[in-house]
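S.K.: Before anything else, here's the structure in question.
The values are calculated or read from the model by the stated rules, or taken from the named source; none is laboratory data. From a predicted model like this one, the values you see are computed outputs, not experimental measurements. Cβ placement follows ideal geometry from the backbone for every residue including glycine, while neighbour counts extend to all protein chains displayed. Accessible surface is based on the protein model in full, side chains and every heavy atom, while ligands, DNA and RNA are left aside. Shrake-Rupley method; radii C 1.70, N 1.55, O 1.52, S 1.80 Å.
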Amino acid sequence: VSQSRYGCSDIKKNFDIEKNQFETFFKFNALEYHVSSNGFLHENLLCFSIFILSFLDLKISNNFRIQVYPGRGNFIRKKNLIIVNDTYNCNALSLISLAENISIFENSVLVIGDLAELGSNEEQHIIQLKNKLSAFKNVRCFYFGKMKDFWIDENIIELQSIKQLNHFLIEFESKLIAFKASRSSAIEKLMEEFINQYELL
């Protein structure tokens, strides 16, 4: 049983490939909730929102849907590949949350760009993030950005070209790829180039 610090328990996740939707199930104050979305949800934020609304005695539906905006974890379907656009920002918590969510897929790919939000002591933060990312055995990581000297190790590969990325997806039979970075890292342009080239394959 997963227990959130906000009082939610029995958190379960499911991705419906046919509907291209992500579902989260959990309990809060003895009630069961089902939330569907067109993108990945950050469960702690969702639980905290319900906690606040419950504290204010506002009526909350047990079954509702959240619309995810482009760049905040929304899905893009291209042929047999699911692309996750999570390029709006990239703080440490949202990066680990995304890695955890896509780890339910075998051989999923995560393309990481610069994390402008790390601030001071960025090298130490990156070491901690790399250790956490290595725990997700189904996630293969690439790095694209300026701080590659900090990021690259045996578990994270430097991304040099779209061709290299396509080759990797084919070799490992990956069905899902996620793009995650701060917007200043040009990760959106990289993702768009990848999508355009993938359509021509």
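S.K.: Could you check how much of the accessible area of the chain is carbon and sulfur, as a whole percent, using a 1.4 Å probe?
M.R.: Ligands and nucleic acids excluded, carbon and sulfur reach 51 percent.
S.K.: Note the angle between two axes, namely the Cα long axis of helix 122-133 and the longest principal axis of the Cα atoms of the chain, as a number of degrees from 0 to 90, rounded to the nearest 10.
M.R.: So the inclination is approximately 70 degrees.
S.K.: Separate question: In whole Å, how far is the Cα centre of segment 152-169 from that of segment 97-111?
M.R.: Taking the Cα centre of segment 97-111 as reference, the centre of segment 152-169 is 15 Å away.
S.K.: Here is a further query. Calculate the translational D of segment 88-153 in whole µm² s⁻¹ from Stokes-Einstein, where the hydrodynamic radius comes from the Kirkwood formula applied to all Cα pairs, the temperature is 37 °C and the viscosity 0.692 mPa s. Intermediate results must be reported in sequence, preceding the final value.
M.R.: Details: Rh = 12.1 Å.
Answer from the Stokes-Einstein relation: 271 µm²/s.
S.K.: Lys/Arg Cβ at +1, Asp/Glu Cβ at -1, dipole of the chain taken about the Cα centre: which of M191, A92, F51 is farthest positive-ward?
M.R.: In the chain, that residue is F51.
S.K.: What accessible area per residue comes out for the chain, rounded to a whole number of Å², with a 1.4 Å probe? Intermediate values should be presented prior to the final figure.
M.R.: Values: 11050 Å² over 201 residues.
Solvent-accessible surface per residue comes out at 55 Å².
S.K.: Once you've got the Cα coordinates, tell me which of K78/K137; K13/K59; K78/K132; K59/K132; K132/K175; K27/K189 are over 32 Å apart.
M.R.: K59/K132; K27/K189
S.K.: Have a look at the DSSP beta bridges in the chain and tell me what percent are antiparallel, nearest 5.
M.R.: Here the antiparallel bridges make up roughly 50 percent for the chain.
S.K.: What does the highest-first list of 72-81, 86-95 look like by mean Cβ count within 10 Å?
M.R.: Result, highest mean Cβ count within 10 Å first: 86-95, 72-81.
S.K.: Under the Karplus relation 6.51 cos²θ - 1.76 cosθ + 1.60, θ = phi - 60°, what is the ordered set of whole-Hz ³J(HN,Hα) values for segment 27-32, x standing for Gly and Pro?
M.R.: Taking θ as phi minus 60°, the curve returns 10, 8, 6, 6, 9, 9 Hz for segment 27-32.
S.K.: What residues qualify as long-range amide H neighbours of I82, i.e. H under 5 Å apart, gap of 5 or more or another chain, H built at 1.01 Å from N?
M.R.: The list, which skips near neighbours in sequence, is L176, I177.
S.K.: Right, something else. With charges only on Cβ, +1 for K and R and -1 for D and E, what is the dipole size of the chain about its Cα centre, in debye, rounded to 20?
M.R.: 360 debye
S.K.: Compute the acute angle (0 to 90°) between the alpha-carbon long axis of helix 162-171 and the principal axis of greatest extent of the alpha-carbon atoms of the chain; round to the nearest 10°.
M.R.: 70 degrees
S.K.: Grab the other residues whose beta carbon is less than 13 angstrom from that of E32, score K and R as +1, D and E as -1, and report the net.
M.R.: The answer is 0.
S.K.: Determine the equivalent ellipsoid of the chain by diagonalising the alpha-carbon gyration tensor, then write out the semi-axes as square roots of 5 times the eigenvalues, largest first, rounded to whole Å.
M.R.: For the chain, the ellipsoid semi-axes come out as 30, 20, 15 Å.
S.K.: I've got another one for you. For the chain, what is the calculated [θ] at 222 nm in deg cm²/dmol (nearest 500), taking -39500 (n - 2.57) for each run of four or more DSSP H residues and dividing by its residue count?
M.R.: -9500 deg cm²/dmol
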